[in-house]
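Scroll down for the structure; my scribbles are underneath it.
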Amino acid sequence: MTDLDGVFRREWGPAVAALARWSGDLTVAEDAVQEAFADAIRTWPRDGVPANVEGWIVTAARNRALDRLRRESVRPGKELAAVLDDITARTDRQGVPHRIRDDELRMMFTCAHPALDPHSQLALTLRLISGLTVAEIARALLQSESAVGQRITRAKNKIRHANIPLRVPPPELLPERTPHVLACIYSVFTEGYWSTAGPSAIRDELSDEAIRLAGEVCSLMPDARDGHALAALVLLHDSRRQTRIDADGALVPLDEQDRGRWDRARITRGLDRLRNAAGATGPYLPQAVIAALHATAARWEDTDWDGICRAYDRLIAITDSPVAKANRALAVGFRDGFDAGLAALDEVAKDARMARSNTVASIRADLLRRAGRHVEAQQWYMQALDRAGSEPARQFLRRRYGECGGQPAVADTPAGD
């Protein structure tokens, strides 16, 4: 029997995007795809998994949507033909084919409509494109579940009541929406690269999807340097995918990974994208530089920590991100000594934006462990465990806790990874 959770993760975004384009209604699309998956749960165990899973889901969802639209079309003044878009329509008013060939990317630009506030844009896109649950989105955005749920509901209502069209914006409007699209793609990649919940530390389908969509943005807007910077960042990070977990699914920190198994083709592509990104002003260029410095260091001992700290300084100047400040403190620890890293971490530890995150606790524990202060490290590993999401992350923290003399032993938060 096919892993239905895996099928859901792979097919949710494409199916919702295709149905939204076809029906012109986000709620109809999302409800229809949910019903299609419910049908799959009922019928696949009995009839077997279809050869074309994607086609089955989209067809089942379309049939569900058709039934709903036909029921609604009986209302006075509303014709079904006025509700349904031509499923093959991909041209603008001048009849020129749009360069956006991908339904999910089309959906991202639609959700980036300026009538929606940025936080709602991001939450809605992560829900519709990635199929992330409200809880997963809340963890990714460091927000409460109730706040995220309300943002998604408000955004859908705004689209419906303001009659925001589910279409590709004209070329002159693409640049103003690109930052949102890039943020969504990066959030999808982040959830794939470092899963916030569940049995697996890595979600391959989300990482692959984000890399593909970043490439689509570069193809659509070849002069958008921030797009190239994001593409470089995800490629360079993802080059380490096969070495980040061992055969048992346990996390392997950056300093213990087999660099001979890193994907050199992805590193080369990432460095090419990085060269194209020269002059980018957004947050992805300094992050890509950090990833490149890790990817090109022959050994852990050869890491250019001064270059990494300078890249973090640039990132913090752009974003004022507390997560960036915490990770910079770790880099300072490797450059200037672990006590210096702990002092730098103190500067961000009380930031209210980190209240729902275990980042500060896990970095502090790692620095204390490396400094040989094992009793103190145990305390912070336990605090980090209280807020850890995925089971591999929890195992990693338990293992480090055990290495510091605590019980039981099991797993570490990846330093610099």
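The values are calculated or read from the model by the stated rules, or taken from the named source; none is laboratory data. The shown structure was predicted, so the numbers you read here are calculated from the model rather than taken from an experiment. Note that we place each Cβ from the backbone using ideal geometry, even for glycine, and neighbour counts take in every protein chain shown. Surface accessibility is based on the protein's heavy atoms, side chains included, excluding ligands, DNA and RNA. Shrake-Rupley method; radii C 1.70, N 1.55, O 1.52, S 1.80 Å.
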- Leaving ligands, DNA and RNA out of it, rank Arg364, Arg373, Arg399 by accessible area with a 1.4 Å probe, largest first. Arg373, Arg399, Arg364
- Task: For Ile245, list long-range residues whose amide hydrogen, built 1.01 Å from N in the peptide plane, is under 5 Å from its own amide hydrogen.
- Result: Val252
- Item | Accessible area expressed per residue, the stretch 144-301, with surrounding protein chains retained (probe 1.4 Å, Å²) | 43 Å²
- Just the Kirkwood number for the chain, please: inverse of mean 1/r across all distinct Cα pairs, in Å, one decimal. 22.9 Å
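Mind ordering 309-317, 347-355, 56-64 by average Cβ neighbours within 10 Å, highest first?
On the way: 309-317: 18.1, 347-355: 14.0, 56-64: 20.3.
Descending packing order for the listed peptides: 56-64, 309-317, 347-355.
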- Order by accessible surface, 1.4 Å probe, largest leading, for residues Phe338, Phe109 comes to Phe338, Phe109
- Carbon and sulfur atoms account, in whole percent of the 1.4 Å probe accessible area of the chain, for 50 percent
- Query: How long is the stretch 233-376 along each principal axis, judged by its Cα atoms, biggest number first, in Å?
  - Reply: 42, 39, 28
- Compute the long axis of helix 53-72 from its Cα atoms, compare it with the longest principal axis of the Cα atoms of the chain, and write down the angle in degrees, 0 to 90, nearest 10. 50 degrees
- Length gained, Met382-Arg259, 0.36 nm per residue minus C-alpha separation, equals 41.2 nm
- 0 to 90° range, to nearest 10: angle between helix 26-47 axis and the chain longest Cα axis: 80 degrees
- Using modelled amide H (1.01 Å from N, peptide plane; none on Pro or chain starts), what sits under 5 Å from the amide H of Gln257, excluding residues fewer than 5 places away? none
- Task: Within the stretch 1-40, find all residues whose amide N lies under 14 Å from a label point positioned 7 Å from the Cα of Glu54 along Cα-to-beta-carbon.
- Result: 7-19
- Under the rule of -39500 (n - 2.57) per DSSP H run of 4 or more residues, summed and divided by the residues of the chain, what mean residue ellipticity at 222 nm is obtained, to the nearest 500 deg cm²/dmol? -20500 deg cm²/dmol
- Each residue of the stretch 323-334 in turn: what ³J(HN,Hα) in whole Hz from Karplus with 6.51, -1.76, 1.60 and θ = phi - 60°, glycine and Pro shown as x? 5, 4, 5, 5, 5, 4, 4, 5, 5, 4, x, 6
- Query: Just the accessible area for Met108, please: 1.4 Å probe, Å², rounded to the nearest 10?
  - Reply: 0 Å²
- Long-range share for the stretch 214-295, i.e. C-alpha pairs more than 20 Å apart as a percent of all pairs, stands at 34 percent
- Note on the structure: Given a Förster distance of 25 Å, the FRET efficiency implied by the Cβ-Cβ spacing of Arg42 and Thr153, rounded to the nearest 0.05, works out to 0.35
- Item | Principal axis dimensions, largest first and in whole angstrom, of the stretch 271-340 by Cα | 37, 31, 14
- Message: For a quick check of understanding: with a 1.4 angstrom probe and all protein chains in place, what accessible area in square angstrom does Trp380 have, to the nearest ten?
- Response: 60 Å²
- Message: Could you work out how much longer the chain between Arg299 and Asn63 gets when fully extended? Use 0.36 nm per residue separation minus the Cα distance between them, nm to one decimal.
- Response: 79.4 nm
- Task: Taking the chain as the reference, fit the longest principal axis to its C-alpha atoms, fit the long axis of helix 118-130 to the helix C-alpha atoms, and give the angle between the two in degrees, 0 to 90, nearest 10.
- Result: 80 degrees
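How would Ser144, Ser195 rank on accessible area, largest to smallest, probe 1.4 Å?
Final ranking, largest accessible area leading: Ser144, Ser195.
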- Compare Ile363, Ile41, Ile202 in a GNM of the chain, Cα atoms joined below 10 Å, and give the one with the largest fluctuation. Ile41
- Query: On full extension of the chain, what length is gained from Gln242 through Leu173, given 0.36 nm per residue of separation minus the C-alpha to C-alpha distance?
  - Reply: 21.0 nm
- Hydrodynamic radius by Kirkwood, which averages 1/r over all alpha carbon pairs of the stretch 132-176, in angstrom: 12.4 Å
- Query: Residue by residue, what Karplus-based ³J(HN,Hα) values in Hz, rounded to whole numbers, does the stretch 181-194 have, using 6.51, -1.76 and 1.60 with θ = phi - 60° and x for Gly and Pro?
  - Reply: 4, 4, 4, 5, 4, 5, 5, 4, 4, 4, 5, x, 6, 9
